[in-house]
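Notes follow once the structure below has been shown.
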Amino acid sequence: MKVSLNRKNVDVGTAWPIKIVQFGEGNFLRAFVDYAFQELNKAVGFNGGIAVVQPINAGMVSMLNDQDGLYTLFIKGIKAGEIIEEKHLISNLVKGINPYPDFQLYLDLAKEDELEFIISNTTEAGISYDEGDTVDMNPPNSFPAKLLRLLYERYLYFNGDKLKGLTIIPCELINYNADTLKDILLKYTDDWKLGQDFKSWLVDANTFHNTLVDRIVPGYPRDNIEEYNNQLDYKDQLIVSAESFFLWVIEGDEKLKEKLPFHKTNLDVKIVQDMQPYRTRKVRILNGAHTSMVPFSILYGNETVKETVDNSFTGKIVESLIFDEIIPTLTLPEDELKSFANEVLDRFRNPFIKHQLSSIALNSISKFKVRVLPSLLEFNQKEGKLPLNLVFAFACLIRFYKGEWNGATLPLNDDKSIEEYFKTIWSSNDIKGVVDNILQKSDFWGEDLSTVPGLKEALTQALQFIEAKGVEEGYKAFVQS
């Protein structure tokens, strides 16, 4: 009979002192940040324990505490054609705290002498200002307000000692996440009248670091949990699964590299002055390829990302638009971009993740504007010609929003006003008129695309070939013309 997973039944050594307070106990942080710090503990004797704070009233802290913070991470993926399968028992979570029933226990974290870091992932909506939050709420509603109460408690407890400031590294998926968080903290500081001395300590003693995080974390493998349980000799209620790819880009200087010597691990953690080129790389290559492939791959008959890249026809389009049309528009070194692109294709081929194209189709118009259109326009400006694969993907997007293909309903999933607009303009079946209307729809694209030389003609021709010949033969006719 299997034993329960806890520190009495499984020998993981003594708990480390608390160096990190982490807001969030979800799958991503446990498969990404907590794993990363455990690797740092192994590699350099970082000796960092983590106190996990439940950021909302409903959460999993009690389950974590039932297992003394222990859980198993399964990593599965593919790299350079090789299958990667790893199993890690994560043991650096020291305690979990729910601030709602015991706010004082939460505030006591501020008194931890060895505390150095704040980590968070409270969803994109987590870094927000709530005008209803007040200094006397126990706890306040928002994550920034909770964090400020903790920082203010630390300021008071250590009498404003600037050596007791913290390194704050949010991982929420918004651009300039740390800058945004800092601005909200300063607003609360003024609203709550916490004083100029504290405000100076907040700015001068603490550091804020924008980040980019990248790892697919399916989470608890509910559908095949027995397969995972059979690999363990203990009962684990908090198994989490993740892909093998790992990227963490943090804005920081040499001091941060000394504090977080991830360069001594095997993890791809980049501490850089400016993370924006890396964010652009991810948005254009990974997200851009995802968004580009959805319409033409669904129209072709594929259902998943893996099918798309494995197929000799659709896979070639994906590779060509990445290597020949997206990468030439980016500023990082070409070798680095190509290496990242190959890793992206490995991720797309991951046999352990079934990524449905229909799920990526959500809000494709706004995604195309942010993820794909800049590559199309910048390639045109730089090379003096249109990128044929991206233009064909654009044509397939317009055709996809007609809502049906060969008598079947397509998985549109966008704002109803956008879907209705396409339904209206497609009712005429006048391809040239459809293209004219779409390109002039500046509220879709942020500009009038009808002014881009040759784009209207190219899209019209691509759509005509698609309607007459289908996707594969239509693509061949389009590129040959």
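Worth a mention:
- Spatial offset of the range 304-320 relative to the range 339-365 amounts to 10 Å, using the alpha carbon center of each.
- Remark: the range 320-325, residue by residue, has Karplus-estimated 3J(HN,Hα) of 5, 5, 6, 7, 9, 10 Hz, where x stands for each Gly or Pro and the curve is 6.51 cos²θ - 1.76 cosθ + 1.60 at θ = phi - 60°.
- Cα gyration tensor shape of the range 92-169, rounded if a/c is under 1.5, else prolate or oblate by comparing a/b with b/c: rounded
- Shape category assigned to the range 3-272 from the gyration tensor of Cα positions, a/c cut at 1.5: prolate
- Label-point separation, Glu334 to Ile56 (7 Å along Cα→Cβ), nm: 4.7
- For the pair Gln196 and Lys316, a Förster radius of 35 Å applied to the C-beta separation gives a FRET efficiency near 0.05, rounded to the nearest 0.05.
- A dipole drawn for the range 207-323 from +1 and -1 charges on Cβ atoms has a positive end, and of Leu260, Ser244, Pro277 the residue lying farthest that way is Pro277.
- The range 3-272 - charge dipole about Cα centre, Lys and Arg +1 at Cβ, Asp and Glu -1, debye rounded to 20: 440
- For the chain, the Stokes-Einstein estimate of translational diffusion at 10 °C and a viscosity of 1.306 mPa s comes to 64 µm²/s, using the Kirkwood hydrodynamic radius over alpha-carbon pairs.
- Taken about its Cα centre, the chain carries a charge dipole of roughly 400 debye when the Cβ of each Lys and Arg holds +1 and the Cβ of each Asp and Glu holds -1.
- Set against the 2.2 N^0.38 Å expectation for a compact globular protein, the range 276-480 has a Cα radius of gyration ratio of 0.96.
- On the beta carbon distance between Asn9 and Asp443, with R0 = 41 Å, the FRET formula returns roughly 0.10.
- Taking a point 7 Å from the Cα of Val272 along the Cα-to-Cβ direction, the residues of the range 319-347 with backbone N closer than 14 Å to it are 330-341.
- Dipole axis of the range 329-376 (+1 Lys, Arg; -1 Asp, Glu on Cβ), positive-most option in Thr329, Leu345, Ser364: Ser364
- Label positions at Lys257 and Val135, each projected 7 Å from the Cα along the C-beta direction, are separated by 4.1 nm.
- Computed [θ] at 222 nm, deg cm²/dmol, the chain (DSSP H ≥ 4; -39,500 (n - 2.57); rounded to nearest 500): -13000 deg cm²/dmol
- Anisotropy class of the range 202-246 from Cα gyration tensor, a/c 1.5 cut: prolate
- Point-charge dipole on Cβ atoms (K/R +1, D/E -1) for the range 276-480, about Cα centre, debye to 20: 240
- Between the range 1-51 and the range 236-294, the alpha-carbon center distance in angstrom: 20
- Extension gain from Leu173 to Lys187, taking 0.36 nm per residue of separation minus the Cα-Cα distance: 2.9 nm
- Its Cα gyration tensor gives the range 370-481 an equivalent ellipsoid; the semi-axes, largest first and in whole Å, are 21, 18, 12.
- Farthest towards the positive end of the charge dipole of the chain, among the residues Leu232, Asn206, Ala145, is the Cα of Leu232, using unit charges on the Cβ of Lys, Arg, Asp and Glu.
- Modelled spin labels at Ser427 and Lys354, positioned 7 Å past Cα toward Cβ, are 3.9 nm from each other.
- Of interest is the spacing of the C-alpha centroids, which for the range 91-146 and the range 173-227 amounts to 11 Å.
- When the inverse distances between all different Cα atoms of the range 419-481 are averaged and flipped, the Kirkwood radius reads 12.4 angstrom.
Only the coordinates and a few stated rules stand behind these numbers; no lab work does. Computed from a predicted structure; not experimentally measured. Every residue, glycine among them, receives a Cβ derived from its backbone with ideal geometry; neighbour counts consider all protein chains shown.
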